[in-house]
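Written below as structure tokens is the structure these notes are about.
The values are calculated or read from the model by the stated rules, or taken from the named source; none is laboratory data. Predicted model, so just to flag it, every value in this text is computed and none were measured. We place every Cβ from the backbone using ideal geometry, glycine too, and count neighbours over all the protein chains shown. Just the protein is used for accessible areas: all its heavy atoms, side chains included, with ligands, DNA and RNA removed. Shrake-Rupley method; radii C 1.70, N 1.55, O 1.52, S 1.80 Å.
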Amino acid sequence: MTAARTVASPRLWQVAGGLALAHVVLMMVGIALQSTPTLTEGEEGIRSSYAEGDLTRILAGGYVEVVAFLLLLPVVVFLAQALGQTTAVGRWAS
């Protein structure tokens with residue numbers, strides 16, 4: 001049995017591309033909002049950042065990252081359907 005290959009419209013490709021770009025931008029915004037400490041701050045800097053950090057800002061950054069991943073889900077499904085229906089490996093991946 002061969003799978004019928006459907007050609008996705010250019011509009012679907014544009015929407016998927018826009019959602020993928022939105023995912024990348026929102027991930028960067030979420031990481032910037034969280035303002036997580038780095039190893040260069042030392043043990044005391046890391047400890048104070050977690051103990052005295054702004055909880056609202058940290059949770060907002062995490063929420064933005066979750067929204068970014070939710071935007072990525074339709075992109076992954078679209079790419080699986082658009083690219084991977086002709087070979088056995090493509091069907092398995094989709």
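So the values come out like this:
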| read-out | value |
| --- | --- |
| Residue list for the range 60-82, restricted to those being surrounded by fewer than 13 Cβ atoms within 10 Å (Cβ to Cβ) and modelled with pLDDT under 90 | Val77 |
| Any chance Gln34 is more than 13 Å from the chain's Cα centre (by Cα), surrounded by 12 or more Cβ atoms within 10 Å (Cβ to Cβ) and free of Cβ contacts under 8 Å to residues at least 60 places away in the same chain | yes |
| Residues within the range 1-33 that are touching a Lys or Arg at 6+ places or on another chain (Cβ under 8 Å) and at pLDDT 95 or above, tallied | 0 |
| Where a residue in the range 37-51 is on the phi < 0 side of the Ramachandran plot and its partner, wherever it lies, is hydroxyl-bearing (Ser, Thr, Tyr) and assigned to a helix (DSSP H, G or I), with Cβ under 9 Å and at least six apart | Pro37/Ser48; Pro37/Ser49; Pro37/Tyr50; Glu41/Ser48; Glu41/Ser49 |
| Some residue of the range 42-57 being touching an Asp or Glu at 6+ places or on another chain (Cβ under 9 Å) and open to solvent by less than 60 Å² (accessible area, probe 1.4 Å) | yes |
